[in-house]
Each structure stands twice: as C-alpha cells, then as structure tokens.
Amino acid sequence: MQTPFEYRDGSMFCEDVEVERIAAAEGTPVYLYSASAIRGRFREYDEALSGVPHRVCYAVKANGNLSVLRLLAEAGAGFDIVSGGELYRVTKAGGEAAGVVFAGVGKTRDEIEMALEAGIHSFNCESEAEIALIAALAARLGKQASVAVRVNPDVDAETHPYISTGLKEHKFGINISEIEQVYERARGLAGVRMEGVACHIGSQLLDTSPLIEAAKRLVELVERLRARGFAIKYLDLGGGIGVPYKPDDARPDVAGFLAAIRELVKEHGLTLLFEPGRSIVAEAGALVTRVLYRKPGTGKEFMVVDAAMTELIRPALYGAYHEIVPLRKSRVPGTVTADVVGPVCESADFLAKGRELPQVMPGEYMAVMTAGAYGWVASSNYNARPRAAEVLVEGSEWRVVRRRETYEELIRGEE
Ligand SMILES: *Cc1c(COP(=O)(O)O)cnc(C)c1O
C-alpha cells in the first residue's frame, strides 16, 4: 500500500473509513493515521533485512502516540529515542527496553540513569564527555552500557539545511577522522563496552546514495577499529529515508537501498540497526481541517482554516510543502490560487502559499497530506490552542487514540 488514502465516489477514504465521518464526529483539526500503512512500511524494512541479524528501531520522535508505538512494538520494532520522555512512552506502550537505542547530543544524567536502569540495548554517544558520564553512572549501578559513537562521516545529505546533520559543521556526532582516538581513550572505562558504530546523516533523503556512501565509510571504520582490538558487533545506520511530499517527488526505493547495504556488510559479521521515523509514518497520516473563511487579498486569496502552525509547524519551520486536498471533490468548477493560513497571530502561520486549489467553500473540509511524521508531535499550545485529537484507522474501524485537549488541560499545573 503506497498510500491508504483514496477517493471513492468523490469522497476521501482512509482505508475503509470515510474521512468526513471522522471529521464530523471528532471535530477539526484532527490527525488521522492508518494502522495498516504504518505496519506495512515497517514490514517493508523488516522483510528486506530478513536473514541478516538486524533490528529496525522506529524513531519515536517522528510520531510518539502510544497506540502508534504499540502497534509497532507488536510488529516487532525496536525504538530509537532521544529523551527520557520517549523512553517513558515506549515503556508505557509495551515496547521492550532491550530494543531501545538512545540517541541525542544532550542526554542528561537523569535520562542516562533511567535508561541504564531500564536496560536499553545501547547508547549512541555524541561526545567523549558523554561516554565518560555513561561509564561512571553505569559503573556505580554495577552495570556495563553498550556504546556506539555517532560518527559524523562528512557526507552531504543534500537535504534541507535544518535536517542535514552529517557534515563537519553540524553539532551531531564526532568527526570520522577522530573516532579511533575516541575509542582508544574509552578503552579503559569499566562501565562501557565500545561495541557499535552509528551514524545518521540527515532526514528526508529522496536519494539514498549519500546513505550508502556513509555506510561504506562506516564499514571501513569498523574494520580499522577491529584491527585495534575493539569487538565491534553492530552498525547503526540511522534513519533519514524521505517520502514524496510533492506529486513529482521521487519515491526512494527502500528495498533496493537495504539490498545495497546488505551487500556492503555481508562479509563483515555485523548486526544492522536502522532508525527510520518519517518513512514509516509520514504517508500514513493526514491532518484534517475545516475552511473557516475565504478572504480576498491583493492578487491572491486567503483560505483561513482551523488548523495552524500549532498543529503542523513544518511549513513555517522549513517552508515544507504538503499537498492539500478537499475531502469531497468540489461541485463548483474551476480553481483558486490561495494562501492556506491558520488563525495564529504570526505571518509564518501558513500551511501553503500561492497554492492552486479547487473551490473549497467555508464549512467544507480539507486534508493536509503526508502529515503522519513530525506533525502532532511538534504541535504547541501557542495562542492557547488546545492540541488536536488523533485517530487511528484500521480497516473499517477507527478510534480516538488521543482526545482533543480541553481548556482545563491547557492550564494544568498553573497557579
Ligand atoms: C531524527 C532521527 C532519526 C529519524 O529520522 P527520519 O528522517 O525521520 O527517518 C533517526 N535517528 C536519529 C539519531 C535521529 O535524530
């Protein structure tokens, strides 16, 4: 299944549920996700790696809803986390700590202790100071942590600057030229086993060749480390595979990419870890919104909708493009060129700019597509807007997996 969304008799369905029914029952803005699509994407990774020791660790930050995590845990996923809060979510959703890798440049003492106590698979470390702290905390708890250093392979991911992470100038990882010395200096630390190598060079890569280039550099590094006596067991190649947001974006060939990686590592006796986020959930999700007003501007129109940058920040943050389509094919002929904007008091509050759209009228619904990743998770309460509900669809069934926030919840914890 490439996308779970399709029109039947002019009305959009997600799997076998008419999306307008969800919007009418739950109100808008509302996020919905297809369980079958999420599971299908996970299996695509998992099956392409069958026969090779591997673990697909879904990147929780892309979409951390408990029900999404639970369905991935049931499908056999591990998890890539970047905070103690994400570890808490994974545990609550029934994910096994033994399948968790902990990434991120700024892990705190409390977060490291929490992860050690839970017994996670490994830490992807981003600095020597962090390795030293993990070693000290683990030793104190009478444990030994499995560590991979996040290598910055100096490969250009050729993606948006905000989501590119694999170049020398980025804050992420340690430069590949320094790695061997870092492992040497960590050799004597009792609290850590230096047994992995990791990288993650960026996100939304539509061309997988930079990922393959990075993998080549890491496999060579593994052999150099082994020659120095380090028993490197696993290679974590991160996430980063992109999805087509625009109709003419290329669709990365995940199976082809994984076949190339299998070929690269086949003589090296390594367990492979991947940390896909976006490519698992993005296309499974949509944000449904209602048109509030149509307002003429100079040379264009504004379509004011009830979803905003508070629900989906990607257009404001990266100038990201999302397809926006009506839930019901318009009966009014012709198109309009419009900025689709939300109610938030910021000029950056837009979902689309100068977009040619069908004649959707106030009161009618539209769907912002490919919104399953980095959507709800990055939402905020700015302008005192309660966060949207989330719905999980499976076959002809759907259920609310997060209620819309109430005004009371908005002031929870305040005096
Ligand atoms: C964000 C992130 C991922 C997931 O990236 P996607 O582009 O969503 O696949 C994986 N690993 C690390 C370390 C990350 O920071």
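When you filter the GluC sites (Glu not before Pro) in region 68-177 for DSSP loop state and at most 14 other Cβ atoms inside 10 Å of their Cβ, you are left with Glu158, Glu169. Against the main long axis of the alpha-carbon atoms of the chain, helix 254-265 sits at an angle near 10°.
Each of Glu128 and Thr3 was given a label point 7 Å from its Cα along the Cα-to-Cβ line. The distance between the two points is 5.0 nm. Distance from a point 7 Å along Cα→Cβ of Ala24 to each backbone N in region 285-320: keep the residues under 18 Å and list them by number. So the set is 288-291.
Label-to-label distance, Glu117 versus Glu195, with points set 7 angstrom from Cα along the beta-carbon direction: 2.4 nm. Annotation for region 221-261 versus region 369-383: alpha-carbon center distance of 27 Å.
Starting from the amide H of Val340, placed 1.01 Å from N in the peptide plane, find each other amide H under 5 Å away whose residue is 5 or more places distant or on another chain. Answer set, sorted by chain and number: Met303, Leu351, Ala352, Lys353, Gly354, Arg355.
Compared with the direct C-alpha span, the chain from Tyr293 to Ala348 gains 18.0 nm at full extension, assuming 0.36 nm per residue.
For the chain, the antiparallel share of DSSP beta bridges with both residues in that region comes to about 50%. GNM remark for the chain: springs join alpha carbons under 10 Å apart, and the peak mean-square fluctuation among Lys92, Lys143, Lys266 falls on Lys266.
Mind pulling the angle between the C-alpha long axis of helix 35-48 and the longest principal axis of the chain? Nearest 10 degrees, somewhere in 0 to 90. Approximately 30 degrees, to the nearest ten.
To the nearest 0.05, how large is the calculated FRET efficiency for Lys329 and Ser50 if R₀ is 56 Å and r is the Cβ-Cβ distance? Write down the numbers at each step before the final one.
Numbers: r = 41 Å, r/R0 = 0.74.
Once the sixth-power term is evaluated, E becomes 0.85.
Cα centroids of region 71-95 and region 12-28: 28 Å apart. Return one number: the angle in degrees, 0 to 90 and rounded to the nearest 10, between the long axis of the Cα atoms of helix 66-75 and the longest principal axis of the Cα atoms of the chain. Computed tilt is about 60 degrees.
Computed from phi, the 3J(HN,Hα) profile of region 10-26 under the Karplus parametrisation 6.51, -1.76, 1.60 (θ = phi - 60°) reads x, 10, 6, 10, 10, 6, 9, 10, 6, 4, 4, 5, 5, 4, 5, 6, 9 Hz, with x in place of Gly and Pro.
Using Cα-Cα distances under 8 Å and only pairs 6 or more residues apart, what relative contact order does the chain have, in percent?
In percent, rounded to a whole number, it is 19.
A 31 angstrom limit on the alpha carbon distance is what I want to check against. Which of Lys92/Lys246; Lys295/Lys329; Lys61/Lys216; Lys92/Lys143; Lys171/Lys246 exceed it?
Lys92/Lys246
Contact order for region 37-116, expressed relative to its length and based on alpha carbon pairs under 8 Å spaced 6+ residues apart, stands at 28 percent.
Were the residues from Lys216 through Gln144 laid out at 0.36 nm apart, the gain over their Cα-Cα distance would be 23.0 nm.
Fully extending the segment from Glu408 to Lys92, taken as 0.36 nm per residue of separation minus the present Cα-Cα distance, adds 111.3 nm.
Geometric descriptor of the chain, per residue, is 149 Å³ (volume of the convex hull of the Cα atoms).
A short reminder: the numbers here are calculations on the coordinates, not readings from a lab. Computed from a predicted model, the values in this text were never measured in an experiment. All Cβ positions, glycine included, derive from the backbone under ideal geometry; neighbour counts span all protein chains shown.
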